[in-house]
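Asks: Here you go, one structure.
No value in this document is a laboratory result; all are computed from the given coordinates. Because the structure is a prediction, the values reported are computed rather than measured. Neighbour counts are summed over all protein chains in view; Cβ atoms, including those assigned to glycine, are modelled from backbone coordinates with ideal geometry.
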């Protein structure tokens, strides 16, 4: 390919992008002469060059498009959506042709007659009709100069006021110019440059500010001799224009374009590869410098000290300069977004404007490439299901024009990008309903989870909020992909939404991926680098620190404040020989909502490291994200927190969030009532099982059939002492009684003292062989027995008469669960609900039990039970029990009549009741 | 399998591993280093000795003794390191050998395909041999040497 052609291609590609943007702006500001001539110029250049290079198809299309643009410029026709669409279409065709040209070195065969004909037809439309008024408003006022003068006077008046709105702080010159343009535009009948919008650029968007300016302008114009009717007309025009507080994108973009055109003259094109090479060399130089500095540290008197100092400075400078060559303004990533939004608006029949702030914010081009797609995705989402149709918006009292706001700014070594819309916001109720039908949450959670938590569900794979799947979005492969992509580059995305007001996504990403801040850690004599962005906290354990690691059946955990942190030993993960090490450090690592700790021997220091990709032969090891060279020349591996987290078990990318939430929730959720009584050790029972706690004077205790009972709410409630005795103490004493009540029967458990209600992980640590104790837990640093409620229930309720009005229901339930601990937790609930309970550990023995002791009325099973289909033959409805309903996916719920959270008494009993009702009906 | 060197004479960088002699076409060799520091990579296949810092580039070092199934080298003895370019991955790798000899020009008339008695392992790694006066010079297939079985990482339950 000719060099000329290659240069033309590079230039044309940029021009076409600029054209896209300009044309979209043109629709908003149809009269902007500067914009018009710029567009015309670009198209003209393309046409001219194509003609010169003998590219006939390109030249023909460009020529036809130029015709229309010429008409726009001369004011013969005004840019309408139709005509702009046609020009955009031409731009697309030109782009496609350019693409072919680049790929094949020649224009493809064929012609574009239909498009050219359409463009011609538009260009030859009759000139636009003059506005109906006899004389244009602008000339009635007295032309541009009068308006200019009027604006100046009005501003002076406002500033001179002693109180109220004074437009303090706004830059005078630009404000004056912008307002003059806005008023002029309004006089010319172009309502888009409204007063409110113009003022909002200067953060003067309050209605009162707009109104005071209008008043002052009216007064000023009256002084300049304008008729009251003319002023009223102008006021109507300015007021009628869209009063939205917004910055005008075209103005923002225009100013930066000016800057860009100034720079263009001094810039040259450089091959990206050359830049990469430069970057690599600079990185190496940095490393060599580091080595030299380290070597010289031990020889302070070396004659090299001074030159090295200079080398140090120069290298740092070089590195920074090279870094800046890699930096690109973020506008490069979102240049295409206004066009996208425009096309979406046409397709969806909505009115959308895209407002951008901080387009000049620079970031590494590698990062830039990575966020392009997520941003596009988010704009699509915002346009498709964020913004309402104009009708809905009007009904909601919002301006018809929906707004999508893109902003970028630097914050430390991060860049913060916000994508916000002023649409309908996330509808928590809808999300709840949908999550419920998908089995992502339980009914209980649907009620209890906060809106903010419900909002997070849109990041769940396969969750789409759109009611209808449109061609644009709504297929449910949206936000989770966005989040994954952003997290891939060490970023994070947050979401906030107010129903009816809009949704805002905040993305934080590192400025560059090549140099990252990392903790250098030591494990068994090997050093590793851990990206600091993932580490939220360092905790020392063992040795001098008071903290110690604990383990649950061999799995190490750390109690960190009120959380239980799963731990991974780097030494075990890396298969390195175990060392006795008194002191260790834990890197508390956070991945989205999931936290875990990595056990290392030592943490050295934070270093800025240059990330190099791992050799391809090492890429199958999931725990590394790359390698780096340290200051002493050593090559060490960079740890990949995501990969390491995956070693924690049932965590793959898709489930990570829910699974971890499950672990944390199960650990957090179970509320335990801790009491003392009987033997010394504290006892605990899940609070969900408890109906009431009463203080009972022991003198009230009576004995029936030699057993202690209490007259309680119109019936006799048997009492049991935790120690199993029948005498509780002196009659004058008062003791707490825990009441377990199933509406039909109740028993009271007499204890010495209610200690506390704590949230603790319900994870069994010891089996118990004593009657009345299910097992032991560590609760609040003390070994605590879990009360075997079934034992006491049998003891006390066996001869307690059911309430007279309750129908005698003897039903049989079977619990199938591999864990005896879990079985015994649920059994008392069922016993209280009037069931005769049998238990077994697996599906096969359940089937056998059904043969010998069946039939059963209800079957409870661990939802994760294997060979569940064997239960299907037992004909009884099956209730699936979960630890964490949030972690339940739809396919898990299939085959269950109901599902319930095993720690939630009401949930379980509701499920039972629902099935019994169904049965009775 | 064996892209037998054509009739033209070729230049081979010679190296020795244990008692065997190998050659690598000189155009594939980028550099030769003397006992470079290697930094181990935990969990890497056994054949991978570690990473080498080659003037700011990270190069993965493969111990040819391990790769060829030979007994490990006495760590006290010096070793040499031949940097070769991997055509497939577009990145350099280092072969750790006992000794690096001269560059030899060998002629096509001395070429022999791999003898059928050569162990399967070795015949997969060599592209024939050249008869020399005192020794046999096996031609290393560098791409084959780099095809190292990597272990699968199952999730730990």
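Asks: Calculate, for residue A:563 and residue A:795, the FRET efficiency according to 1/(1 + (r/R0)^6) with r their C-beta to C-beta distance and R0 60 Å; round to the nearest 0.05.
Replies: Working: r = 37 Å, r/R0 = 0.62.
It comes to 0.95.
Asks: Still on this structure: Per residue of B:33-45, how many C-beta atoms from partner chains lie within 10 Å of its own C-beta, taken as a mean?
Replies: Across B:33-45, the average partner-chain Cβ count within 10 Å equals 5.
Asks: Averaged over B:47-59, how many beta carbons belonging to a partner chain fall within 10 Å of each residue's beta carbon?
Replies: Mean partner shielding for this stretch: 5.
Asks: Something else: Average the reciprocal distances over every distinct pair of alpha-carbons in segment A:406-463, invert the result, and give the Kirkwood radius in Å. Walk me through the numbers before you get to the answer.
Replies: Working: mean 1/r = 0.0752 Å⁻¹.
Computed over segment A:406-463, the radius equals 13.3 Å.
Asks: How large is Rg over Rh for segment A:331-494, taking Rg from the Cα atoms and Rh as the Kirkwood inverse mean of 1/r across Cα pairs?
Replies: Numbers: Rg = 16.4 Å, Rh = 16.8 Å.
Using only Cα positions, Rg/Rh for segment A:331-494 is 0.98.
Asks: Which distance in nm do the two modelled labels at residue B:134 and residue B:9 give, with both placed 7 Å along the Cα-to-Cβ direction?
Replies: Taking the two extended label points, one gets 2.1 nm.
Asks: Could you work out how far apart the two model spin labels at residue A:914 and residue A:437 are, taking each label as a point 7 Å from the Cα in the direction of the beta carbon, and quote it in nm?
Replies: Output for this residue pair reads 1.6 nm.
Asks: Taking 0.36 nm per residue of sequence separation and subtracting the Cα-Cα distance, how much length would be gained by fully extending the chain between residue A:45 and residue A:453, in nm to one decimal? Can you show the working numbers first?
Replies: Working: separation 408, 0.36 × 408 = 146.88 nm, distance 5.38 nm.
Here the segment from residue A:45 to residue A:453 would lengthen by 141.5 nm.
Asks: Note down the nm distance, to one decimal, between modelled labels 7 Å out along Cα→Cβ at residue B:119 and at residue A:411.
Replies: 6.0
Asks: Let me ask another. Across peptide A:630-637, how many C-beta atoms of other chains are within 10 Å of each residue C-beta, on average? Could you put the intermediate results ahead of the total?
Replies: Details: counts 2, 0, 1, 4, 4, 15, 5, 8.
The per-residue average across the peptide is 5.
Asks: Can you compute the FRET efficiency between residue A:312 and residue A:616 using 1/(1 + (r/R0)^6), with r the Cβ-Cβ distance and R0 = 22 Å? Round to the nearest 0.05.
Replies: 0.05
Asks: Which three semi-axes in whole Å describe the equivalent ellipsoid of segment A:270-326, each the square root of 5 times a Cα gyration tensor eigenvalue, listed largest first?
Replies: The three semi-axes for segment A:270-326 are 28, 10, 7 Å.
Asks: Multiplying the sequence separation of residue B:103 and residue B:147 by 0.36 nm and subtracting their Cα-Cα distance, what value in nm do you get?
Replies: Going from the current span to full extension adds 13.3 nm.
Asks: Using 0.36 nm per residue of separation minus the Cα-Cα distance, give me the extension gain between residue A:299 and residue A:715 in nm, one decimal.
Replies: That pair, residue A:299 and residue A:715, stretches by 140.6 nm at full extension.
Asks: Sort the following peptides by mean Cβ neighbour count (other Cβ atoms within 10 Å, averaged over residues), highest first: A:384-397, A:268-281.
Replies: Listed from highest to lowest mean packing, they are A:384-397, A:268-281.
Asks: Right, another one. Can you pull the semi-axes for segment B:10-145, root of five times each eigenvalue of the Cα gyration tensor, sorted largest first, whole Å?
Replies: Taking √(5λ) for each eigenvalue gives 24, 16, 14 Å, largest first.
Asks: Okay, moving on. Once the mean 1/r over all distinct Cα pairs of segment A:3-123 is inverted, what Kirkwood radius in angstroms do you read off? Provide the component values of the computation, followed by the final result.
Replies: On the way: mean 1/r = 0.0704 Å⁻¹.
Computed over segment A:3-123, the radius equals 14.2 Å.
Asks: Can you tell me, using C-alpha contacts under 8 Å and at least 6 residues apart, the relative contact order of chain B as a whole percent?
Replies: Normalised by residue count, the contact order of chain B is 28 percent.
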